[in-house]
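Student: Got a structure for you, questions after.
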Amino acid sequence: MNLIPDLEKAWINEKNSPEIFPFNETLVNETQNQLNKQESFIFQQQSQNQTPTFILNLYETEIERIKFLLRSYLRIRLRKIEKFSSNIINDSQIQSLLSEKEFQFVQKFHNLIINHLDESFLSKLKRKKNFFQNKIDQPDFEEFVACQVLEDIENVQFEDQDLEDDDLKEGKLFIIKYKNIRSFVLEDKMKLL
Amino acid sequence: MYNIQTQFDPRELDFQAQNELISIIPNFESKQLKFIQGTFGPFIPSVPCNVPLWMALSLKKQQKCQIKPPLWLDVQKLTHKLKEENENEQITTIHKHFMEISLQLLTYASDDLQNPEEIRSLIEDIWNIRLSKIRKSYSAIQTEAYAIEANNFTKMEIEMIKPFFTTIMKVFDKFSTKLQVRLEEQESNEIEPNYSEYENEFENENQNQNEIENENQNQFENENQNQNEIENENNNNNNQIENEIENQNQNQIENENENQPIKRKLRRFTSDTKK
């Protein structure tokens, strides 16, 4: 089972990409399930008083590690959602990438921001419509990222027209413009580093 | 307003490294243990078995096992590696969590290593050589490069160069696209191109684009090139004859390349060894 390596990869990808990736619901739910199961298992073992403490310690350490991983993944998503909140509110396509809870969060967050800005100074401005349109944070696909090829990709045609075509061999590391490799990362042929 | 950290801090790198498997020799007995990551064991005293590094370190702290260091963490192997690293111009293949694993083992399990002091100094030497190679290879960033290949880099090295490289490459990319647009505009207007101000920075970009160059410009460009390539500073006079020869050669090459569209190349991450 590759649950934890997959979660780790999702965390690293999410941390390095300029945009928000689709929420990996099965992965998060499954991890949550396993954590609950393991916690009740430990509780059972504790009450039976047969397992030595150092082994119980191991179980607990693992749970803490996985919780840390899960939290980091969710937290980095929240940071991005905050950053792109006004963009998400206007774009239903990005909304479909969020989990239900994340979507509730972004709505509340956006309302708070709008109200705050309105109360503090926007209500005193004449042309406030334009203000928001100019201030929307968009994911920048022109960013450069570090990435590793997970499986051979032949005859790559890059987004940018003026780039030389090339084969990408498994295991190679690149620093390259995100736009050019975005599709590979989404298809799981590459991972970000 | 929101600055998202895309860099991992050293503790997060340690965390990633701790999932690597390592061999331990337990001194307790236990049946297979079921973890979320998988099952490990059975643990039988003095029979080696594989567990993740975090588990090994936790057991070690409670003095329940002896850690068998990985094969590469050994004076002989490391001496060999150091020699290989010294002889090679490019950085060599190494475990992707080389630094993290060796430092953690040196800190928490140094009594399981033979000659920990020697190992520590070897690791420091290897690390320093690799870093100096990486520093030398900053010249790989050039306007004509759309990507940099960074094979054999460990996770920690990638983390170190990432902030600098991603920023600087973005800036270079912006400039080269701007220059491209400008060049195209000028070509379509059939005006004699005049971008001598850019030549220092973007001479490679210009080389193939320029169809008709007057000799002065050519000479100016070649002088710059020679300076970069040979890196002699005070021999303009001696180079004049070579310049003329190269002028001719270059004109030939230019004629051949005239009709080919310009493609930006992938740059390999190499240290500059022309010195």
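Student: What's the number of the condition A:Thr53 fails, among (1) farther than 30 Å from B:Phe43 by Cβ; (2) open to solvent by 60 Å² or more (accessible area, probe 1.4 Å)?
Tutor: (1)
Student: Could I ask something else about it? For region B:50-69, how many residues meet the condition of being open to solvent by 20 Å² or more (accessible area, probe 1.4 Å) and touching a strand residue (DSSP E or B) at 6+ places or on another chain (Cβ under 7 Å)?
Tutor: 5
Student: If I ask for residues that are modelled with pLDDT under 90 and aromatic (Phe, Trp, Tyr), which ones from region B:116-152 would you list?
Tutor: B:Tyr138, B:Tyr146
Student: To continue, here is another question. Which one of these is under 28 Å from A:Gln34 (Cα atoms) and either more than 12 Å from chain A (Cβ to nearest Cβ) or not charged (D, E, K, R) (or both): B:Ile4, B:Ile119, B:Ile24?
Tutor: Exactly one residue qualifies, and that residue is B:Ile24.
This table checks each residue for (1) touching a helix residue (DSSP H, G or I) at 6+ places or on another chain (Cβ under 8 Å); (2) at pLDDT 95 or above; (3) within 30 Å of A:Ile113 (Cβ to Cβ); (4) not in a helix (DSSP H, G or I).
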residue	(1), (2), (3), (4)
A:Ile20	yes, no, yes, yes
A:Thr26	no, no, no, no
A:Gln44	no, no, no, no
A:Ser47	no, no, no, no
A:Thr51	yes, no, no, yes
A:Phe54	yes, no, no, no
A:Asn57	yes, no, no, no
A:Ile66	yes, yes, no, no
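Student: Sticking with this one: Go through region B:162-184 residue by residue and tally those that are more than 27 Å from B:Gln7 (Cα to Cα) and either basic (Lys, Arg) or more than 9 Å from chain A (Cβ to nearest Cβ) (or both).
Tutor: Filtering region B:162-184 for residues more than 27 Å from B:Gln7 (Cα to Cα) gives B:177-184.
Now narrow it down to the ones that are either basic (Lys, Arg) or more than 9 Å from chain A (Cβ to nearest Cβ) (or both): B:178-179, B:181-184.
Of the residues in that region, 6 qualify.
Student: I'm checking my understanding of the structure. Among residues of region B:19-49 that are small (Gly, Ala, Ser) and open to solvent by less than 70 Å² (accessible area, probe 1.4 Å), which one is nearest to B:Ser102 (Cα to Cα)?
Tutor: Looking at residues that are small (Gly, Ala, Ser) and open to solvent by less than 70 Å² (accessible area, probe 1.4 Å), I get B:Ser23.
Student: Is it true that B:Gln16 is at the interface with another protein chain (Cβ under 9 Å from one of its Cβ atoms), within 26 Å of the chain's Cα centre (by Cα) and either open to solvent by less than 30 Å² (accessible area, probe 1.4 Å) or within 19 Å of A:Ile63 (Cβ to Cβ) (or both)?
Tutor: Answer is yes for this residue.
Student: Under the condition of being within 12 Å of chain B (Cβ to nearest Cβ), assigned to a strand (DSSP E or B) and open to solvent by 20 Å² or more (accessible area, probe 1.4 Å), which residue from region A:139-190 is modelled with the lowest pLDDT?
Tutor: If we take residues in region A:139-190 being within 12 Å of chain B (Cβ to nearest Cβ), assigned to a strand (DSSP E or B) and open to solvent by 20 Å² or more (accessible area, probe 1.4 Å), then A:Asp166 is modelled with the lowest pLDDT.
Student: Starting from residues that are more than 26 Å from A:Gln95 (Cβ to Cβ) and assigned to a helix (DSSP H, G or I), keep the ones in region A:1-18 and report whichever is nearest to the other protein chains (Cβ to nearest Cβ).
Tutor: So the residue we want is A:Ile4.
Student: If you don't mind, another one. Consider region A:24-41. How many of its residues are within 11 Å of chain B (Cβ to nearest Cβ) and open to solvent by less than 80 Å² (accessible area, probe 1.4 Å)?
Tutor: 7
Student: Can you tell me which residue within region B:57-82, out of those that are touching a Lys or Arg at 6+ places or on another chain (Cβ under 9 Å) and either touching a residue at least 40 places away in the same chain (Cβ under 8 Å) or farther than 14 Å from A:Asn57 by Cβ (or both), is farthest from the other protein chains (Cβ to nearest Cβ)? Don't jump to the end; show me each part of the working.
Tutor: So in region B:57-82, the residues touching a Lys or Arg at 6+ places or on another chain (Cβ under 9 Å) come out as B:58, B:66-67, B:71-72.
Next cut, either touching a residue at least 40 places away in the same chain (Cβ under 8 Å) or farther than 14 Å from A:Asn57 by Cβ (or both) only: B:66-67, B:71-72.
On the way: B:Gln66: 15, B:Ile67: 15, B:Leu71: 20, B:Trp72: 18 Å.
It comes out as B:Leu71.
Student: Under the condition of being among the hydrophobic types (A, V, I, L, M, F, W, C) and at the interface with chain B (Cβ under 10 Å from one of its Cβ atoms), which residue from region A:58-80 is most open to solvent (accessible area, probe 1.4 Å)?
Tutor: A:Phe68
Student: Same structure again: In this structure, is B:Thr39 on the phi < 0 side of the Ramachandran plot, of a type in the set (S, T, N, Q) and in contact (Cβ under 8 Å) with a residue 12 or more places away in the chain?
Tutor: When the stated conditions are applied, B:Thr39 does not pass them.
Student: Quick one: would you say B:Trp72 is hydrophobic (A, V, I, L, M, F, W, C), open to solvent by less than 30 Å² (accessible area, probe 1.4 Å) and under 23 Å from B:Met156 (Cα atoms)?
Tutor: The answer is no for B:Trp72.
Student: Looking at (1) surrounded by 12 or more Cβ atoms within 10 Å (Cβ to Cβ); (2) free of Cβ contacts under 8 Å to residues at least 24 places away in the same chain; (3) hydroxyl-bearing (Ser, Thr, Tyr), which one does B:Thr6 not meet, given that it meets all the others?
Tutor: Condition not satisfied by B:Thr6: (2).
The values are calculated or read from the model by the stated rules, or taken from the named source; none is laboratory data. Nothing here was measured: the structure is a model prediction, and the numbers come from that model. Backbone-built Cβ (ideal geometry, glycine too); neighbour counts: all protein chains shown. These area figures cover heavy atoms from the full protein model, side chains too; ligands, DNA and RNA do not enter into them. Shrake-Rupley method; radii C 1.70, N 1.55, O 1.52, S 1.80 Å.
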